[in-house]
Amino acid sequence: MARKTGSHSDITGPRVRQAALDLIARHGFAAVSMRRIAAEVGVHAGALYNYTPDKQSLLSDLMRGHMEELLAARERAAAEVAGRGPLERLEAFTRFHIRWHAPRAEAVFVSYMELRNLTPANFAGIERLRKSYEDELEAILRDGARSGLFAIEDTKIATLAIIAMLTGMTNWYREGGRLDVAAIEAIYWGLVRRAVGVEP
């Protein structure tokens, strides 16, 4: 552990956020104190307040940062298939989701499992970001359903089900395992195709 000091000159915001993310993912938000985060970084607890006003703000910032990074990456990826048909866009969305989330298991876990610990105001802010991501997928599904290409009874439920299925991959995927990310992308794309009524 690094030498503790009364100064905050030897720590940075990213180090605090990473320590908080690691600890919350392992132990849960309720079990992790600011003092414990400070010990992980190697400073006195008081130094953390130069970077965040409280633990609630730190959790909200972790989730907001995760979602904003996701949305920015998705915007760039979506531009590459803009104007194409719903099946191509759905495949691009599926593969993007797997590829982007695979190396971020801790952030994904915290972003989903700790929603219950956000204040109502912070929860509403994170939900708006999540809805932006979900809305893109639902728009793709609506386009496919209207054209008769997809067989979907309810596009909202289908959206939530597909995202839950894709995100669940982070619970078991480990780098260096039996399947690489490209193989997992292909398998999940087959599952998504069948879920919307399009056989490979």
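The values are calculated or read from the model by the stated rules, or taken from the named source; none is laboratory data. What you see is a predicted model; the values in this text were computed from it and never measured. Here the Cβ is made from the backbone with ideal geometry for all residues, glycine too, and neighbour counts use every protein chain on show. Side chains included, ligands, DNA and RNA excluded: accessible areas come from the protein's heavy atoms. Shrake-Rupley method; radii C 1.70, N 1.55, O 1.52, S 1.80 Å.
Each residue in region 14-37 was checked for being touching a residue at least 12 places away in the same chain (Cβ under 8 Å) and either under 16 Å from MET63 (Cβ atoms) or aliphatic (A, V, I, L, M) (or both), and 15 pass.
From the list ARG74, ARG89, ARG99, which residue is farther than 22 Å from ARG15 by Cβ, without any contact (Cβ under 8 Å) to a residue 60 or more places away in the chain, assigned to a helix (DSSP H, G or I) and of a type outside the set (Val, Ile, Thr)?
On the way: ARG74 fails: without any contact (Cβ under 8 Å) to a residue 60 or more places away in the chain; ARG99 fails: without any contact (Cβ under 8 Å) to a residue 60 or more places away in the chain.
Only one candidate qualifies: ARG89.
Among the residues of region 1-34, count how many are touching a Lys or Arg at 6+ places or on another chain (Cβ under 7 Å) and modelled with pLDDT under 95. Before you say what the answer is, go through the steps one by one.
Step one: filter region 1-34 for residues touching a Lys or Arg at 6+ places or on another chain (Cβ under 7 Å), giving 23, 34.
The next check asks that each one be modelled with pLDDT under 95; those that pass are 34.
Total satisfying the criteria: 1.
When PHE150, PHE93, PHE123, PHE109 are checked against the criterion of being within 20 Å of ARG26 (Cβ to Cβ) and of a type in the set (Phe, Trp, Tyr), PHE109 stands alone in meeting it. Restricting the first member to region 165-182 and to residues that are over 12 Å from ILE98 (Cα atoms), and the second to residues that are surrounded by fewer than 16 Cβ atoms within 10 Å (Cβ to Cβ), the beta-carbon pairs closer than 8 Å and six or more apart or on different chains are GLU175/PRO103; LEU179/ILE187. Taking region 114-131 as the range and being surrounded by fewer than 14 Cβ atoms within 10 Å (Cβ to Cβ) and in contact (Cβ under 8 Å) with a residue 60 or more places away in the chain as the test, only THR119 passes.
Looking at region 103-113 only, could you name the residues that are surrounded by fewer than 17 Cβ atoms within 10 Å (Cβ to Cβ) and part of a helix (DSSP H, G or I)?
Going through region 103-113, the residues surrounded by fewer than 17 Cβ atoms within 10 Å (Cβ to Cβ) turn out to be 103-104, 112-113.
Answer for region 103-113, where residues must be surrounded by fewer than 17 Cβ atoms within 10 Å (Cβ to Cβ) and part of a helix (DSSP H, G or I): TYR112, MET113.
Looking at LEU59, LEU129, which one is part of a helix (DSSP H, G or I), touching a Lys or Arg at 6+ places or on another chain (Cβ under 8 Å) and not small (Gly, Ala, Ser)?
Working: LEU59 fails: touching a Lys or Arg at 6+ places or on another chain (Cβ under 8 Å).
The unique qualifying residue is LEU129.
Against the definition (modelled with pLDDT of 95 or more and under 18 Å from HIS101 (Cα atoms)), how does ALA161 come out, yes or no? Judged against the criteria, ALA161 is a match. The set of residues in region 35-72 being open to solvent by 80 Å² or more (accessible area, probe 1.4 Å), modelled with pLDDT under 95 and acidic (Asp, Glu) consists of GLU40 alone.
In the set (1) in a helix (DSSP H, G or I); (2) aliphatic (A, V, I, L, M); (3) open to solvent by less than 40 Å² (accessible area, probe 1.4 Å), the condition left unmet by LEU160 is number (3).
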